[in-house]
Amino acid sequence: MIVVMEMGATRDEVQRVEREVAEQGFSSQTVAGTEKTVVLVTSKIYSGAEDLAQHFLRLPAVEKILPVSNLHREVRKPRPSQERKPVTVGSVIVGEGKPKVIAGPCAVESREQTLEAVKVVVQAGADILRLMIFKPRTEKHTFQGIGAELGVPILLEMKERFGLPIISEPVRIREIEALYPVVDAFQIGTRSATSYDLLEHVEQTKKPVMLKRGKGQKLEELFGSATYLVDGPQEKNRIIFCERGIETFENAARFTPDIFAIPFIQRESGCPVVFDPSHSTGRWWAVAAMARAAIGAGADGLEIDVHPYPQRAMVDAAQQLTPEAFKSLMEELRGMIESRNSPIIE
Ligand code: PEP
Ligand code: MN
């Protein structure tokens, strides 16, 4: 890191910083510029660097600290490159070859509704089923999902009948256990992106996990969340990131889809990036346009809400696609998907 001294810092003040660096066990090199003096701190550590920076900031005449080393080494490459870390979800590899489609209703509401939705998405060519039995809701007094007792048997039936991998979201730590035997990957929803206890418990299952970006999270912070999901750099091929829109001043859409996040996360981490055109827009009519944009931007997959009767959906009715709309979207995307055998990274 670089400690930048205030203009006019005295020799004593600079020496104080140098002494402090030495006392912390690091070496330093001081460079006097025409206006300001900087102290270059050389250390092998990276964990705790932010806390150390805070410490230096308390010293007299220190203006700011510029970090040099990258954080989040568990999930970020030492330098951006084309190297990829595909993730195997059941029989499907995400982040290699063609983009994959994760589809299903926003929420599992009943056996019949789920069966109808799953038949549609399987027939249309989806690769992975999203089957949510616990719903992360902003309000306590809204539908919270049908729960484990009713939901797990439905998931088991869908797995047996259709054989596709299943992704599902535990909202609370205690829900991980019920999902564990039936899911091929866990989803961490936007509201849980900073629930570090939940992330650590999901990490311990060693199953693949799709981490959705917190709706108010910078990409830097998203990588921070991901560090809780891996034990070390060797484990980074368990993580799939999902861009699902962020909160900005614009509220015409439910959230603002951040297409830039797709190539950025891929370049920095090598991890697959899925895009969710349903939750990012909140509008069924915008889903196809955003799905095309994401595939065009190099996304490794899409996560799409499909409901047999969206107008009767208990959750997110405005964004779920009808079976007809999903089928025609899949047909439309087929050309784009088939022609993308490897991820687009320059
Ligand atoms: C979901 O995928 O079911 C969901 C609630 O999405 P998000 O966490 O992105 O809002
Ligand atoms: Mn939803």
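Label point 7 Å out from A32 along Cα-to-Cβ: which residues of the stretch 1-24 have amide N under 11 Å? Counting only backbone N, you get 10-12. Relative to the longest principal axis of the Cα atoms of the chain, helix 111-124 runs at roughly 80 degrees. Loop-resident trypsin sites (Lys or Arg not before Pro) (DSSP state other than H, G, I, E or B) in the stretch 148-249 with no more than 12 further Cβ atoms inside 10 Å of their Cβ: K206, K218. Loop-located trypsin sites (Lys or Arg not before Pro) in the stretch 257-346 (DSSP state not H, G, I, E or B) with no more than 16 neighbouring Cβ atoms inside 10 Å: R283. Estimated translational diffusion coefficient (Stokes-Einstein, Kirkwood radius over Cα pairs, 37 °C, 0.692 mPa s) of the stretch 59-114: 197 µm² per second.
Would you be so kind as to identify which of G48, A22, G8 lies farthest towards the positive end of the dipole of the stretch 1-106, taking Lys and Arg as +1 and Asp and Glu as -1 on Cβ and the Cα centre as origin? Checked the options; the winner is G48.
Restricting the calculation to Cα atoms, every distinct pair contributes to the Kirkwood radius of the chain, found to be 21.7 Å. Entry note, the chain: the mean residue ellipticity at 222 nm calculated from DSSP H runs of n ≥ 4, each adding -39500 (n - 2.57), is -10000 deg cm²/dmol after division by the residues and rounding to the nearest 500. Protection proxy ranking, highest mean first, for peptides 55-61, 114-120: 114-120, 55-61, where packing is the per-residue count of other beta-carbon atoms within 10 Å, averaged. May I ask for the angle, rounded to the nearest 10°, between helix 284-296 and the longest principal axis of the chain, with both axes built from Cα atoms and the value confined to 0 to 90°? Tilt relative to the chain: about 60 degrees. Note on the stretch 261-340: Rg/Rh from Cα positions, Kirkwood definition for Rh, rounded to two decimals, is 1.01. For M210, the residues whose modelled amide H falls within less than 5 Å of its own, excluding neighbours fewer than 5 places apart on the same chain, are F186, Q187, I188, I240.
Here the stretch 171-328 is described by how far its Cα atoms reach on the three principal axes: 42, 34, 28 Å, from widest to narrowest.
Were the residues from K119 through T248 laid out at 0.36 nm apart, the gain over their Cα-Cα distance would be 42.8 nm. Around the amide H of R137, modelled in the peptide plane, lies no amide H under 5 Å away from a residue 5 or more places distant or on another chain.
Ordered from highest to lowest accessible area with the whole protein assembly present and a 1.4 Å probe, F26, F186 read as F26, F186.
Placing +1 on each Lys and Arg Cβ and -1 on each Asp and Glu Cβ, with no other charges, gives the chain a dipole about its Cα centre of roughly 360 debye. For the chain, the longest principal axis of the C-alpha atoms and the axis of helix 147-162 are separated by about 70°.
The values are calculated or read from the model by the stated rules, or taken from the named source; none is laboratory data. Only a predicted model underlies this, so the values are computations on that prediction, with no experimental measurement involved. In this analysis, Cβ positions are derived from the backbone assuming ideal geometry, glycine residues included, and neighbour counts consider all displayed protein chains. Surface accessibility is based on the protein's heavy atoms, side chains included, excluding ligands, DNA and RNA. Shrake-Rupley method; radii C 1.70, N 1.55, O 1.52, S 1.80 Å.
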